[in-house]
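The values are calculated or read from the model by the stated rules, or taken from the named source; none is laboratory data. Just so you know, these numbers come straight off a predicted model, no measurement behind them. Please note: Cβ atoms are built from the backbone with ideal geometry, for glycine as well, and neighbour counts cover all protein chains shown.
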Amino acid sequence: MEITRRFRIQLLAQNALFVALFLALIGLAGYFAREYRTQWDVTASHRNSLTAASLEVLKQLKGAVRVTVYSHAQQPRAREMRKEIAELVGAYQRARPDISLTFVDPAENPKLAEQAGIKADGELTVEYDKRRERLLPGNINERDITNLLMRLVRRRELLVMYLDGHGERRLDGIANHDLGEFGKQLLLKGFGINRLNLTVAPEVPANAAVLVISNPQVDLLPGELDRLVAYVNRGGNLFWLIDQEPLHGLAPLAQLLGLTLTPGVVVDPSAQRLNALPTWALASSYGRHPVTQNFNLITVFPFSRSIGAGDDQGWRVANLVEAAQQGWVETGELDRSMKFDKNRDTPGPVPIAVALTRSVNDREQRVVVVGNGYFLANTFVGNGGNMDLGINIMNWLAGDDSLIAVQPRGPKDPSLDLTTGSALTITATFLIGLPLAFLATAAALWWRRRKL
């Protein structure tokens with residue numbers, strides 16, 4: 001083929017066009033990489049992604065968030081901590097670009113650290129809407145950062161009061177039956193906690209967002225009951241935990257709410273298959289309600305009772321939790337020989353938590369009644385989704401519907417547990433067998449070629 005001058009020009013033009021298009025493609029790819037960022041978390045536990053709860057809290061932010069980390073730059077451990085914090089905050093920044101991250105070396109800027117009240121290396125501050133909170137180095141993880149943001153989202157501290165003076169479970173108590181661990185989480189979420197003794201206080205304070213009543217051990221005085229009824233009548237929000245014990249003077253309050261309290265203990269045979277007592281009612285079925293929307297965690301209710309409510313008192317009623325799908329309400333003796341008696345027992349599923357609402361003074365009054373106080377007690381609150389359900393209930397009662405979500409959890413990497421036999425098989429196959437097979441194959445090929 002004769003190469004003419006015209007052919008050379010065509011070939012040069014084609015090459016020039018290819019180079020121009022290639023450079024344009026590279027420039028376009030660089031532009032999109034700078035303007036748009038997409039990533040995929042392919043880890044099985046999604047450890048590099050924020051949980052749905054954290055993303056939901058970020059949606060509530062109405063402005064920029066400034067994160068400042070006070071950490072030395074020269075120390076090896078501090079540099080590693082800086083890297084970990086940058087990766088964690090980076091996950092928040094991918095969801096909210098208006099979250100800024102700044103590192104300050106206290107050695108180089110001691111005045112800035114002093115003004116911020118920093119006392120430990122690695123401490124950070126988060127500023128939002130002219131408010132600021134701090135996190136100590138040991139608490140820098142997704143759960144605690146999201147809890148901090150949740151507190152900043154709340155523009156005012158919501159006061160939770162619990163009835164005291166009659167042996168009730170206490171929100172700041174450390175005994176096994178108390179609700180202290182639940183109370184700690186409420187504090188982390190931006191709630192305030194205070195006790196209420198109605199023999200001293202003339203009424204339930206008007207600034208109380210929610211009143212908690214949990215299992216009084218002695219009868220309330222008539223004047224105390226009158227003040228509780230007055231609180232409910234004027235539209236106060238109530239969280240009432242009712243155990244198997246007598247109501248100790250609170251029967252008029254139950255009547256005001258239209259409650260039906262069926263005697264007997266909920267029995268759940270499926271709990272025995274999980275090495276738990278049959279009196280531990282398991283719940284995985286929840287009503288259609290803001291408290292339980294998208295809630296799919298199993299909850300545990302030891303020694304619970306059935307709770308029913310009607311709308312004849314002007315309340316709108318919704319069942320929140322139904323437990324013991326294959327169980328029943330046992331009205332006889334609680335022993336190993338107990339079994340369902342269709343003549344006296346009520347078959348499951350058993351409603352054990354209800355939500356009530358009504359309009360009072362142009363606002364919605366909210367009440368939640370649970371036929372069990374153990375599920376939030378220090379001994380049992382860590383089981384399943386008990387804590388998550390309790391926080392959701394409090395957020396709804398306080399009117400913070402937008403913050404109702406499954407609480408953030410630290411993702412765990414999956415682990416592979418091998419038996420001794422399986423481990424030996426893998427070792428023999430991959431560390432001994434395969435290398436020997438490769439060597440034998442190589443030796444056979446060498447011998448064969450040598451004979452040629």
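At a glance:
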item: Evaluation of R94 against (1) farther than 17 Å from S54 by Cα; (2) assigned to a helix (DSSP H, G or I); (3) modelled with pLDDT of 85 or more (one fails), failing number; result: (1)
item: Test result for N372, closer than 18 Å to A324 by Cβ, surrounded by fewer than 24 Cβ atoms within 10 Å (Cβ to Cβ) and in the same structural domain as Y286 (by TED's automatic domain parsing); result: no
item: Residue match in region 405-412 (condition: modelled with pLDDT under 90, over 30 Å from V210 (Cα atoms), not assigned by TED's automatic domain parsing to the domain that holds L211 and not basic (K, R)); result: yes
item: Every residue from region 375-403 that is touching an Asp or Glu at 6+ places or on another chain (Cβ under 9 Å), surrounded by fewer than 20 Cβ atoms within 10 Å (Cβ to Cβ) and more than 30 Å from Q326 (Cβ to Cβ); result: G399, S402
item: Unique residue being out of contact with any Asp or Glu (no Cβ under 7 Å at 6 or more places or on another chain) and without any contact (Cβ under 8 Å) to a residue 12 or more places away in the chain when the list is Q244, Q293, Q255; result: Q255
item: Single residue of region 174-200 satisfying the filter (over 17 Å from N386 (Cβ atoms) and in contact with a helix residue (DSSP H, G or I) (Cβ under 8 Å, 6 or more places away or on another chain)) that is surrounded by the fewest Cβ atoms within 10 Å (Cβ to Cβ); result: I174
item: Matching residues in region 392-403 - criterion: being part of a helix (DSSP H, G or I) and among the acidic types (D, E); result: D401
item: Single unsatisfied condition, L250 versus (1) under 20 Å from Q365 (Cβ atoms); (2) among the aliphatic types (A, V, I, L, M); (3) touching a residue at least 40 places away in the same chain (Cβ under 8 Å); result: (3)
item: V204 being surrounded by 18 or more Cβ atoms within 10 Å (Cβ to Cβ), under 19 Å from H177 (Cβ atoms) and assigned by TED's automatic domain parsing to the domain that holds Y374; result: no
item: Matching option when the condition is in a loop (DSSP other than H, G, I, E, B) and not acidic (D, E), among L320, L356, L334, L389; result: L334
item: Options S49, S54; residue that is touching a helix residue (DSSP H, G or I) at 6+ places or on another chain (Cβ under 6 Å), at pLDDT below 90 and not hydrophobic (A, V, I, L, M, F, W, C); result: S54
item: Residue list for region 337-347, restricted to those being in a strand (DSSP E or B) and either over 18 Å from F303 (Cβ atoms) or free of Cβ contacts under 8 Å to residues at least 40 places away in the same chain (or both); result: P347
item: Neighbours by Cβ (under 7 Å, 6+ apart or cross-chain): first from region 140-162, under 17 Å from I99 (Cβ atoms); second surrounded by fewer than 18 Cβ atoms within 10 Å (Cβ to Cβ) and acidic (D, E); result: L148/E133; R151/E133; L152/D129; L152/E133
item: All positions within region 154-172 that are surrounded by fewer than 20 Cβ atoms within 10 Å (Cβ to Cβ), within 25 Å of L135 (Cα to Cα) and not basic (K, R); result: E157, L159, D172
item: Unique residue being under 33 Å from the mean Cα position of the chain (by Cα) and at pLDDT 95 or above when the list is L211, L188; result: L211
item: Yes/no for R316 being in contact (Cβ under 8 Å) with a residue 24 or more places away in the chain and under 22 Å from F375 (Cα atoms); result: no
item: Count of residues meeting criterion [surrounded by 16 or more Cβ atoms within 10 Å (Cβ to Cβ) and within 19 Å of W396 (Cβ to Cβ)] in region 274-286; result: 2
item: Inter-residue pairs, beta-carbon under 8 Å, first under 12 Å from I140 (Cα atoms) and in region 85-96, second among the acidic types (D, E), 6+ apart; result: L88/E142
item: Lone unmet requirement of (1) small (G, A, S); (2) free of Cβ contacts under 8 Å to residues at least 40 places away in the same chain; (3) not in a helix (DSSP H, G or I) for G236; result: (2)
item: Selection within region 318-348 - closer than 15 Å to R288 by Cβ and surrounded by fewer than 21 Cβ atoms within 10 Å (Cβ to Cβ); result: A318, N319, E322
item: Residue that is modelled with the lowest pLDDT [pool: residues in region 227-268 that are exposed (fewer than 15 other Cβ atoms within 10 Å of the Cβ) and among the polar types (S, T, N, Q)]; result: T260
